[in-house]
Each structure stands twice: as structure tokens, then as C-alpha cells.
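Notes for the one structure printed next.
The values are calculated or read from the model by the stated rules, or taken from the named source; none is laboratory data. Quantities reported herein were computed from a predicted structural model and do not represent experimental measurements. Here the Cβ positions follow ideal geometry from the backbone for every residue, glycine too, while neighbour counts run over all protein chains shown. For accessibility, only protein heavy atoms count, side chains too; no ligands or nucleic acids. Shrake-Rupley method; radii C 1.70, N 1.55, O 1.52, S 1.80 Å.
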Amino acid sequence: MEIHKHTGFKLLSLDLRDTTLMGKAALLYNFVEPSDEQKRIYTTVIIGANGTGKSNLLRIVIELLKELEDLSKDKGRTYNVDGRFRMKFSIYGNIYEYSNIYIASLLKEIPNISENGNTAYLLKNGKVELFANVILPKAIVANSIMLTDKYPFFRKENNEKGEKVDAFPRYKYLGIRNIAQNASTRAYVRKTVEFITQEYESVAFREGLKRATTFLGLTPI
């Protein structure tokens, strides 16, 4: 049986240095095994004691992906991630690197880059690429039932027509907070009801919901 190569989005690594969220130490996270051949969808599990930075690590990944989308639309960096960083990911067979870590060999192609600066750049398969050409995952979902989750909550912003639109459309926050700082169980219940009604036409969803209510000893109404 032939196994087709999985070409969807895969986060490969994240290099962090002197960031506020993760501290002064230089940290390198590898999210795939060295022997990975991308033959199937990959799941990475981050395990650690409370307070070791798991949530902040995921927050940084989301913030950097938002920055990349903003840069692709010529909005500029938001600088929510400070210090030095290098995020590497693969998609459709290409490897992208979004970074502001100084590389001397890039001086000719990126004149503004310097050891003490904060110039962000994008590489595709090791070569400088325009931000406008970056390919990002179609959807990013942050799901949490914790009142103190660290996932970013982006407010809506005005478009060119003055209409309120999502600041980061591909990102969905499925947490308890209804504004950036506060949590609301009412908002969580409302979101749950909205998602149930949206998926009502799905036979698989209705069957799954029936099994869940039966397991909980509830009437499937």
C-alpha cells in the first residue's frame, strides 16, 4: 500500500532568545522527530509541570503566525513577540523560516539587518522570500476551558470601509474569555450553543452528541 506524503502545515521548530514571555535563556523547541518523513498527519504533545511556559510557548506561535499574516498584507510587524526568534514550518513541500536573528550572509539581500536591530525576514527553502508570498495554515484553533489560559484574544478592527472585521480571520479562540482580560461562563455557553446549531445538519455530529448525552445520563433533547 502506497503512503502519500503529507504536505499540510507542520510546525518544525522554534528558537527563542531573550523573550519576555519565556525569559532570558536561549530556548530551542523541536516539534518533530528527526526521523520524520511527513508520511502522515503529525501530532505533537507538549508536556510539563504547571508554570513551565507551555501556554506562553503556544501563545508565541500564534502571535508569530499573526505577524506573518499582517506582513503578507503589508500591515507591518505588531512586535507582540520581543527578543530574538526563529520559527520554522513546512507546508506544501516548502520550508519557511520567519526570524529576526542576525545572519551575516543576508546582508546583501536585507540591508537593514543588523546584530542589534529587530529586522524581521522570511526565508523559503533557505532563500529570502517576500512576505506577500508566504503560505499559512488555513485554520488555527486555540481551545481551552481554563479561566487563566494564555491564548491571545484579538479584538475586531476596522477595514477600509469602516466595518468591524476579525483582526486574524484564520484564528479561532474557543476559550472562556469574552474580552481580552476577562472570562465569562455565559460567553462560553453561548459559543457552545452556536457551534451546536452550526453543526446540526451533520449526522455524525448528532450521533456523537447522542452518545455523549447517554454517557452523561442526560436525555438527548
For the range 96-221, calculate the relative contact order in percent as a whole number, restricting contacts to Cα pairs under 8 Å that are 6 or more residues apart. 15 percent
Given the -39500 (n - 2.57) contribution per DSSP H run of 4+ residues, what per-residue ellipticity at 222 nm results for the chain, rounded to the nearest 500 deg cm²/dmol? -7000 deg cm²/dmol
The chain, relative contact order [Cα under 8 Å, separation at least 6], %: 16 percent
Can you flag which of LYS73/LYS191; LYS10/LYS127; LYS66/LYS88; LYS39/LYS172 are past 21 Å Cα-Cα? LYS73/LYS191; LYS39/LYS172
Which whole-Hz couplings ³J(HN,Hα) result when phi for each residue of the range 197-209 is put into the Karplus expression 6.51 cos²θ - 1.76 cosθ + 1.60, θ = phi - 60°, listed in order with x for Gly and Pro? 5, 5, 9, 4, 6, 7, 4, 4, 5, 5, 5, x, 5
Heavy-atom surface of the chain, accessible at 1.4 Å and reported per residue (Å²): 66 Å²
Could you grab the relative contact order for the range 18-114? Cα pairs under 8 Å, six or more apart, rounded to a whole percent. 22 percent
Top positive-direction residue, dipole computed over the chain with Cβ charges, set LEU147, ALA120, PHE131: LEU147
Of all chymotrypsin sites (Phe, Trp or Tyr not before Pro) in the range 32-88, the ones in DSSP coil with at most 11 other Cβ atoms within 10 Å are TYR79
Report the equivalent ellipsoid semi-axes for the range 101-221 in whole Å, largest first, defined as the square roots of five times the eigenvalues of the gyration tensor built from alpha carbon atoms. 43, 18, 16
Relative frequency of Cα-Cα separations exceeding 25 Å in the range 7-166, percent: 35 percent
With DSSP loop assignment and no more than 15 other C-beta atoms within 10 Å, the GluC sites (Glu not before Pro) in the range 1-72 are GLU2, GLU37
Sequence order, the range 58-64: Karplus ³J(HN,Hα) from phi using 6.51 cos²θ - 1.76 cosθ + 1.60, θ = phi - 60°, Hz rounded, Gly and Pro as x, gives 5, 4, 4, 4, 5, 4, 5
